[in-house]
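*Asks:* Right, I'll just put the structure down here and ask away after.
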Amino acid sequence: MDRPSLDELGERLGIALRDPEAIRQAFVHSSYFNENQLLVAGHNERLEFLGDAVIGLVVSRLLYDRYPDEDEGLLTARRAGLVNRDALARMALRTGMDRYLLLGRGESEAGGATRPSLLAALFEAVAGAVYLAEGVPATRRWLLHLFVEELDGPERTALKSAKSRLQEWSQRVHRQKPRYELLETEGPPHDQRFRVAVLVNGRRIAEGSGSSRQRAEEHAASLAMDDAHRPPLTEEPAL
């Protein structure tokens, strides 16, 4: 089956592309480039790098404006719940990006076009290409439209980070925010592990670990939410 022309891509994406051909490289996977170096100028990994930064900036500003009373930790957790492999892969499929993806024979036969990690990378590459071709205002409007739909759509609860959900539960039940306490940091500076406890209503209800304090807090919140409607795991009061 012939691949669709890029002429209809703008309509699928929901953005008026002045030059659809300018973003063609975003759809060239490295496996295709390796097999067809005479046919294409390059692959999309550099655009993926750029798009990751563009998406992060747009979504950070969206969350900053939408949740003016939330602190840095909670905003970071919300962003992690919104900008992740599965969410970006879902948007790539929703906008039909996968129809234009160029894969090498082996990657295609292995089902690469359905892999969430590959689709998420594709979405980032397209974001980077749109940014270069269309500029900041057009890219921002396009991404805001997509991410606001994610925030407000039927799957919005699933998109919330564990820290966000735990805070909402704690404020509803105990009328106070959870508190996170750093218990331990171990390992060399380049490979540290953090262990964090989360306390609700003065009691430690879960502990988590991760390669950063933020990830450890998210892990602790996730474990806490598993038990949020049961008595605390310990009766140890907050220090």
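*Asks:* State all residues of segment 93-112 that are farther than 17 Å from VAL40 by Cβ, in contact with a Leu (Cβ under 7 Å, 6 or more places away or on another chain) and either at pLDDT below 80 or not hydrophobic (A, V, I, L, M, F, W, C) (or both); if no residue qualifies, say none.
*Replies:* THR95, ASP98
*Asks:* Looking only at helices (runs of 4 or more DSSP H) that lie completely in segment 1-91, which have at least 2 residues being at pLDDT below 90?
*Replies:* So the answer is 9-13, 30-35, 72-82.
*Asks:* When you look at ASP69, is it under 30 Å from TYR180 (Cβ atoms), of a type in the set (Asp, Glu) and over 12 Å from the mean Cα position of the chain (by Cα), yes or no?
*Replies:* Against the criterion (under 30 Å from TYR180 (Cβ atoms), of a type in the set (Asp, Glu) and over 12 Å from the mean Cα position of the chain (by Cα)), ASP69 qualifies.
*Asks:* Only residues in segment 7-23 that are in the same structural domain as TYR100 (by TED's automatic domain parsing) count as the first member; pair them with residues that are part of a loop (DSSP other than H, G, I, E, B) and small (Gly, Ala, Ser), Cβ under 7 angstrom, at least 6 apart or cross-chain, and list the lot.
*Replies:* Once the first residue is in the same structural domain as TYR100 (by TED's automatic domain parsing) and sits in segment 7-23, its partners that are part of a loop (DSSP other than H, G, I, E, B) and small (Gly, Ala, Ser) give GLY10/ALA16; ARG12/GLY96.
*Asks:* Using the structure shown, decide if LEU62 is within 16 Å of ALA125 (Cβ to Cβ), assigned by TED's automatic domain parsing to the domain that holds ARG105 and either of a type outside the set (A, V, I, L, M) or surrounded by 12 or more Cβ atoms within 10 Å (Cβ to Cβ) (or both).
*Replies:* On the way: within 16 Å of ALA125 (Cβ to Cβ): no; assigned by TED's automatic domain parsing to the domain that holds ARG105: yes; either of a type outside the set (A, V, I, L, M) or surrounded by 12 or more Cβ atoms within 10 Å (Cβ to Cβ) (or both): yes.
Taking the combined requirement at face value, the residue does not satisfy it.
*Asks:* Let me ask another. Of (1) more than 20 Å from LEU82 (Cβ to Cβ); (2) touching a Lys or Arg at 6+ places or on another chain (Cβ under 8 Å), GLN167 satisfies all except one. Which?
*Replies:* (1) is the only condition that GLN167 fails.
*Asks:* Of the residues VAL148, VAL126, only one is in contact with a Leu (Cβ under 8 Å, 6 or more places away or on another chain) and modelled with pLDDT of 95 or more; which? Break it down stepwise before answering.
*Replies:* Numbers: VAL148 fails: modelled with pLDDT of 95 or more.
Exactly one of VAL148, VAL126 is in contact with a Leu (Cβ under 8 Å, 6 or more places away or on another chain) and modelled with pLDDT of 95 or more, namely VAL126.
*Asks:* Go through the residues of segment 34-47 one by one and say whether even a single one is surrounded by 13 or more Cβ atoms within 10 Å (Cβ to Cβ), in contact (Cβ under 8 Å) with a residue 12 or more places away in the chain and under 29 Å from ASP152 (Cβ atoms).
*Replies:* Yes, segment 34-47 has at least one match.
*Asks:* Let me ask something else about it. How about segment 6-29: which of its residues are farther than 18 Å from LEU93 by Cβ, under 26 Å from the mean Cα position of the chain (by Cα) and exposed (fewer than 15 other Cβ atoms within 10 Å of the Cβ)?
*Replies:* Passing the criteria: only ALA16.
*Asks:* Restricting the search to segment 201-212, which residues are over 14 Å from LEU183 (Cβ atoms) and over 27 Å from the mean Cα position of the chain (by Cα)?
*Replies:* ASN201, GLY202, ARG203
*Asks:* OK, next. Show the residue pairs meeting these rules: Cβ distance below 8 Å; 6+ apart or different chains; first residue within segment 182-200 and within 14 Å of LYS163 (Cβ to Cβ); second residue part of a strand (DSSP E or B) and among the hydrophobic types (A, V, I, L, M, F, W, C).
*Replies:* VAL196/LEU182; VAL196/LEU183; ALA197/LEU183; ALA197/ALA206; VAL198/ILE205; VAL198/ALA206; LEU199/ILE205
*Asks:* Find all pairs meeting these conditions: Cβ atoms under 6 angstrom apart; at least six residues apart or on different chains; first residue within segment 117-145 and within 14 Å of LEU88 (Cα to Cα) and hydroxyl-bearing (Ser, Thr, Tyr); second residue assigned to a helix (DSSP H, G or I) and modelled with pLDDT under 95.
*Replies:* The qualifying pairs are SER117/ARG85.
*Asks:* Return the only residue of LEU102, LEU122, LEU132 being in the same structural domain as ALA26 (by TED's automatic domain parsing) and under 15 Å from the mean Cα position of the chain (by Cα). Don't jump to the end; show me each part of the working.
*Replies:* Details: LEU102 fails: under 15 Å from the mean Cα position of the chain (by Cα); LEU132 fails: under 15 Å from the mean Cα position of the chain (by Cα).
Testing whether each residue is in the same structural domain as ALA26 (by TED's automatic domain parsing) and under 15 Å from the mean Cα position of the chain (by Cα) leaves just LEU122.
*Asks:* Something else: How many residues are surrounded by fewer than 21 Cβ atoms within 10 Å (Cβ to Cβ) and either basic (Lys, Arg) or at pLDDT 90 or above (or both) if we restrict to segment 193-214?
*Replies:* 6
*Asks:* Here's something else I'd like to know. Could you grab me the full set of residues in segment 161-179 that are surrounded by fewer than 20 Cβ atoms within 10 Å (Cβ to Cβ) and not in a helix (DSSP H, G or I)?
*Replies:* Hits for segment 161-179 are HIS174, ARG175, GLN176, LYS177, ARG179.
The values are calculated or read from the model by the stated rules, or taken from the named source; none is laboratory data. All figures in this text were calculated on a predicted structure; none of them were measured in a lab. Because the Cβ atoms are built from the backbone with ideal geometry, glycine has one as well, and the counts that use them run over all protein chains shown.
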